[in-house]
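Q: Before I ask anything, let me first share the structure, which is written out below as structure tokens.
Throughout, read-outs are computed from the coordinates displayed, never taken from laboratory work. Predicted model, so just to flag it, every value in this text is computed and none were measured. Cβ sites come from the backbone with ideal geometry, for glycine too, and all protein chains shown count toward neighbours.
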Amino acid sequence: MIYSEILTPTALPYLQLTQPSSFAKFQPMTLEISTPALLFPAVSLLFLAYTNRFLHLSALVRNLYHDWIELRDEALKTQIDNLRRRLELIRWMQLLGAMSLLLCVISMVTVMMEFQTVGIGAFTLALFLMGCSLFILILEIWQSGGALQVLMDRVQSDDGKPRK
């Protein structure tokens, strides 16, 4: 069958879409108490991951700092600077995640008190803040290769020559 046969003037009435009546009327969104509660498991797992990253990087900075005190190697200082930026990003991730969790609680309380508009606004803001936290996580992951790049550049520039 050819498409021109399908789109004949007699076939067009069957192809016209009618607008359902539900689109013609505005129906406000309702929020149930279980909807914001869905973020609690995700937020707790994210906090665990964020905290583990923070603790690991903190220990790494301490070790690199002791090495830098002994050697005064510029590559170590560059790595420490990279880790400092990453730790700042992790603190922002934790802050935005905590604010998102708090707004979920506020959303649940306002839904229980039947203040749907406030609850929907708080939940929307909670989702936005969680999205921002995840975006910063992506930035932190992107920067995580920076400290390794310093080492790889150092190895490539030394060309296997012993250091003095």
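Q: PRE reach from ARG85 (point 7 Å along Cα→Cβ): which of the stretch 38-63 fall under 13 Å by backbone N?
A: none
Q: What's the exposure ranking of LEU137, LEU95, going from fewest to most Cβ atoms within 10 Å?
A: In order of increasing Cβ crowding within 10 Å: LEU95, LEU137.
Q: Separation of the stretch 72-91 and the stretch 124-143 by C-alpha centroid, Å?
A: Centre-to-centre distance over Cα atoms comes out at 21 Å.
Q: In whole Hz, with x marking every Gly and Pro, tabulate ³J(HN,Hα) for the stretch 112-129 from phi via Karplus 6.51 cos²θ - 1.76 cosθ + 1.60, θ = phi - 60°.
A: Taking θ as phi minus 60°, the curve returns 4, 7, 6, 9, 4, 4, 5, x, 5, x, 5, 5, 4, 5, 4, 5, 4, 5 Hz for the stretch 112-129.
Q: For TRP142, TRP68, which order do you get if you count the other beta carbons within 10 Å of each Cβ and list the fewest first?
A: TRP142, TRP68
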